[in-house]
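Worksheet: the structure to be examined is printed underneath.
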Amino acid sequence: MNSTYGLIAVTFVALATLGIGAYGWRFSRTTSDFFVASRSVRPALNASAIGGEYLSAASFLGVAGLALAFGTDMLWYPVGWTAGYLILLVLVAAPLRRSGAYTLPDFAEARLESRSVRRLSSLLVVGIGWLYLMPQFQGAGLSLGTVAGTEPWVGGAVVGAVVLVNVFFGGMRSITFVQAFQYWLKLTALLIPAMFLLSVWVGDGATSPADPSVVSGGVPGDLWSSPLTSASEHPLFTTYSIIIATFLGTMGLPHVVVRFYTNPDGRTARRTTLIVLALLGVFYLLPPLYGALGRLYTPDLIASGATDTVVLELPARMVGGLGGELLSALTAAGAYAAFLSTSSGLTIAVAGVISQDVMGRRFRGVRAFQAAAVVAVAVPLLLAVAAEGVGVARAVGLAFAVAASTFCPLLVLGIWWRRLTDAGAIAGLLVGGLLSGGAVVATLLAVTPSGWAGAILTQPAAVTVPLTFLTMTLVSLATQHRLPRHVSRTMVRLHTPEAVELDRGPWPL
Amino acid sequence: MTPTGSQEPPRRVRVTSPRTGAVRRRVTGTSEIDAQTQLGEIYMTSLLRAQLRLAALVIGAVVVFIGGLPLAFRVFPDLMDTHVLGMPLSWVLLAFAVYPFLFLLGWLYVRAAERTEQDFTDVVERS
């Protein structure tokens, strides 16, 4: 692959990101601008921004690579990442916006009236955020290495620097413009090459990648396209565990949740989520296409284990010549947009929590937020350099499992069940956090055994999520004397439309 | 639909007292909720129930029609050999058909949830 076009494309994305961010800097004045864009982003813009932020390296590169390597079972990842927004829409979207809090720990404290729950939530937000940021930086390193032959740490450092500049000067307000742009860039970067690739494929006779005669990586096409055949020993359990982690984990990701506070009210929060569902559905039609065509045109990537690069390699291989190089450069630009947007969103979320909960009372406002952003980027960047070689999609998948086992039960029970107590929430967060966190550590250190224990450790959600719900419910029922004093008022705030004039208690911030 | 939304409220009968000159307080649903009276709690419970029932309906549809797919493929392995438009059925469902289905569910939900809130508003703001 010719490195010149790839470098130009990546430079263009970085500059465009800074340029659009600079446009937003002018509107960023107050602390509220920095944290939640002063809660005044319209649904269409906000939905594009959410889509841009949500479609990470795992979606842009990982899905196609997984589909190429393991076939139909891997389609559950994009399906789950979209369905997760539907679950979020029906259970969380409007009440979370109406809670009026800035971050997940703010919500936990406002609902349960307990500082301990707040501290535990802060710890989990930072943990999940870093677990999600690390693979973004690693993916950036790999991609820049593929298009320009640089050292693995360079790509991550470039992403970290661009993100910091934008977060530093513009906060959430400028990030919103940047991310909206990046959704459309990512869609274009997959859509246009896909049309060329499909026409080449039709010209070549349109062989089905699922045909038994197509053998790629030692697997015939009919086996590749059959569900429940992936590498796992217990495919049915693994599939359901992926479904639970992705369907329920979306609502617990710190960068997803913080976006809801930028809507003007609960009703627009719902409408925004609906548009996001449409945007994600359109985008996720494309990556599996690259995976399927990869079986026909780039089977060598399976043998070399470089399936994550199929989106970057396929256009140059199939189209050839200058056109192919340009199309590959376009996909490289899209990949970089994916790293930048997801990292920006996560940095905002993690920095918000660090500046509010770790830095203490004396050090507040915009300055504290900027200092926290440096910490939020530096730690996972160092981790990414230290822990080289952990798969991009795998680390992201584990972040979903942890989010599903901790914040999903906290949000769902907190919003819909008035008998939840602080003791129940803490017990549940500890059980879910420790169990899923332990599984993450075991998987990252590659010490998972075979058999059922291994299947559960690599995809823990199907076990840990029910356990967390059970713990929260039972401990809450046993500690009913600890019910928050203002729970009725909080329920009024969470569920009633803003247009009705009601006493919603003191505003938390 | 909240239970109180479908029927006409009982007609108020004015009982005049000797203190006709006293200021008459307007009693609305919102003040009942603010004072956390029993009636106010009933308004809130019915709103929560209605919204939760709606959410459960959508989640039920997702569990049955999408969550049921792996089980269906395990129980009826013949489905794996079925082809639609030259593509395996599993691929057609998981790579294409599921996204419009999810959007449709979301659209129906948003419409119904907004209607529930409108009914709630109408009920509690009526004196």
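With the structure loaded, tell me whether B:Leu57 is under 16 Å from the mean Cα position of the chain (by Cα), among the hydrophobic types (A, V, I, L, M, F, W, C) and surrounded by fewer than 19 Cβ atoms within 10 Å (Cβ to Cβ) or whether it fails that test. The answer is yes for B:Leu57.
Beta carbons closer than 6 Å, at least 6 apart along the sequence or on distinct chains, pair a first residue in region A:90-110 that is in contact (Cβ under 8 Å) with a residue 12 or more places away in the chain and at negative phi with a second that is part of a helix (DSSP H, G or I) and aromatic (Phe, Trp, Tyr) for A:Leu96/A:Phe260; A:Arg97/A:Phe260; A:Ser99/A:Phe107; A:Ala101/A:Phe107; A:Tyr102/A:Phe35.
When you scan region A:295-309, do you find a residue that is within 11 Å of chain B (Cβ to nearest Cβ), in a helix (DSSP H, G or I), of a type in the set (D, E, K, R) and surrounded by fewer than 23 Cβ atoms within 10 Å (Cβ to Cβ), even just one? Within region A:295-309, none of the residues are within 11 Å of chain B (Cβ to nearest Cβ), in a helix (DSSP H, G or I), of a type in the set (D, E, K, R) and surrounded by fewer than 23 Cβ atoms within 10 Å (Cβ to Cβ). Residues that are among the β-branched types (Val, Ile, Thr), modelled with pLDDT of 85 or more and buried (at least 24 other Cβ atoms within 10 Å of the Cβ) number at least 1 in the following helices (runs of 4 or more DSSP H) confined to region A:86-171: A:115-148. Scoring A:Pro299 on the criteria (1) out of contact with any strand residue (DSSP E or B) (no Cβ under 9 Å at 6 or more places or on another chain); (2) more than 27 Å from B:Glu114 (Cβ to Cβ) leaves a single failure, condition (1). Residue-level check: of (1) within 8 Å of chain A (Cβ to nearest Cβ); (2) out of contact with any Pro (no Cβ under 8 Å at 6 or more places or on another chain), B:Thr121 misses just (2). Which of (1) buried (at least 24 other Cβ atoms within 10 Å of the Cβ); (2) more than 26 Å from B:Ile59 (Cβ to Cβ); (3) small (Gly, Ala, Ser); (4) modelled with pLDDT under 85 is the odd one out, the single condition A:Gly19 does not satisfy? Tallying (1) buried (at least 24 other Cβ atoms within 10 Å of the Cβ); (2) more than 26 Å from B:Ile59 (Cβ to Cβ); (3) small (Gly, Ala, Ser); (4) modelled with pLDDT under 85, A:Gly19 fails exactly one: (1).
Residues are listed down the side, and each one gets a yes or a no for (1) of a type in the set (A, V, I, L, M, F, W, C); (2) surrounded by fewer than 19 Cβ atoms within 10 Å (Cβ to Cβ); (3) at pLDDT below 90:
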position: A:Glu313; (1), (2), (3): no, no, yes
position: A:Gly334; (1), (2), (3): no, no, no
position: A:Gly345; (1), (2), (3): no, no, yes
position: A:Ile348; (1), (2), (3): yes, no, yes
position: A:Gly352; (1), (2), (3): no, no, yes
position: A:Ala371; (1), (2), (3): yes, yes, yes
position: A:Ala378; (1), (2), (3): yes, yes, no
position: A:Val392; (1), (2), (3): yes, no, yes
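Of all residues in region A:82-92, one or more are at the interface with another protein chain (Cβ under 10 Å from one of its Cβ atoms), closer than 24 Å to A:Ser226 by Cβ, under 16 Å from the mean Cα position of the chain (by Cα) and hydroxyl-bearing (Ser, Thr, Tyr).
Would you call A:Pro227 in contact with a Leu (Cβ under 9 Å, 6 or more places away or on another chain) and modelled with pLDDT of 85 or more? It is false that A:Pro227 is in contact with a Leu (Cβ under 9 Å, 6 or more places away or on another chain) and modelled with pLDDT of 85 or more. In the set A:Leu253, A:Leu228, A:Leu279, only one residue is within 24 Å of A:Gly129 (Cα to Cα), within 12 Å of chain B (Cβ to nearest Cβ) and not β-branched (Val, Ile, Thr); that residue is A:Leu279. Considering only region A:464-481, I want to know if a residue exists there that is within 25 Å of A:Arg270 (Cβ to Cβ) and β-branched (Val, Ile, Thr). Yes; the residues of region A:464-481 include at least one that is within 25 Å of A:Arg270 (Cβ to Cβ) and β-branched (Val, Ile, Thr).
All of A:Thr262, A:Thr272, A:Thr268, A:Thr246 fail the test of being surrounded by fewer than 24 Cβ atoms within 10 Å (Cβ to Cβ) and either under 22 Å from A:Pro466 (Cβ atoms) or more than 9 Å from every other protein chain (Cβ to nearest Cβ) (or both), apart from A:Thr268. For B:Leu54, the criteria (1) more than 9 Å from every other protein chain (Cβ to nearest Cβ); (2) modelled with pLDDT of 85 or more hold in every case but one, which is (1).
From the list B:Ser127, B:Ser90, which one is surrounded by 14 or more Cβ atoms within 10 Å (Cβ to Cβ), modelled with pLDDT under 90 and among the polar types (S, T, N, Q)? Every option except B:Ser90 fails the conditions.
Residues of region A:231-241 that are among the aliphatic types (A, V, I, L, M) and within 11 Å of another protein chain (Cβ to nearest Cβ): A:Leu236 alone.
Taking A:Leu285, is it part of a helix (DSSP H, G or I) and among the hydrophobic types (A, V, I, L, M, F, W, C)? Here the answer is no, as A:Leu285 does not meet what is asked.
Report yes if some residue within region A:189-206 is of a type in the set (Phe, Trp, Tyr), more than 27 Å from the chain's Cα centre (by Cα) and farther than 17 Å from A:Tyr284 by Cβ; otherwise report no. Checking region A:189-206: at least one residue is of a type in the set (Phe, Trp, Tyr), more than 27 Å from the chain's Cα centre (by Cα) and farther than 17 Å from A:Tyr284 by Cβ.
All conditions but one from (1) among the acidic types (Asp, Glu); (2) under 30 Å from A:Gly205 (Cβ atoms); (3) touching a residue at least 40 places away in the same chain (Cβ under 8 Å) apply to A:Asp300; the one that does not is (3).
Looking across region A:483-495 at every residue that is in contact (Cβ under 8 Å) with a residue 40 or more places away in the chain and within 7 Å of chain B (Cβ to nearest Cβ), the one that is nearest to the chain's Cα centre (by Cα) is identified as A:His495.
Restrict the check to region A:58-71 and report whether at least one residue is on the phi > 0 side of the Ramachandran plot, touching a helix residue (DSSP H, G or I) at 6+ places or on another chain (Cβ under 9 Å) and modelled with pLDDT under 75. Within region A:58-71, none of the residues are on the phi > 0 side of the Ramachandran plot, touching a helix residue (DSSP H, G or I) at 6+ places or on another chain (Cβ under 9 Å) and modelled with pLDDT under 75. Within region B:61-100, the set of residues being more than 10 Å from every other protein chain (Cβ to nearest Cβ) and farther than 21 Å from A:Ile87 by Cβ comprises B:Val75, B:Phe76, B:Asp78, B:Thr82, B:Val84, B:Leu85, B:Val92.
The values are calculated or read from the model by the stated rules, or taken from the named source; none is laboratory data. Keep in mind the model is a prediction, meaning the values are calculated, not measured. Reconstructed Cβ throughout: ideal geometry from the backbone, glycine too, with neighbour counts over all protein chains shown.
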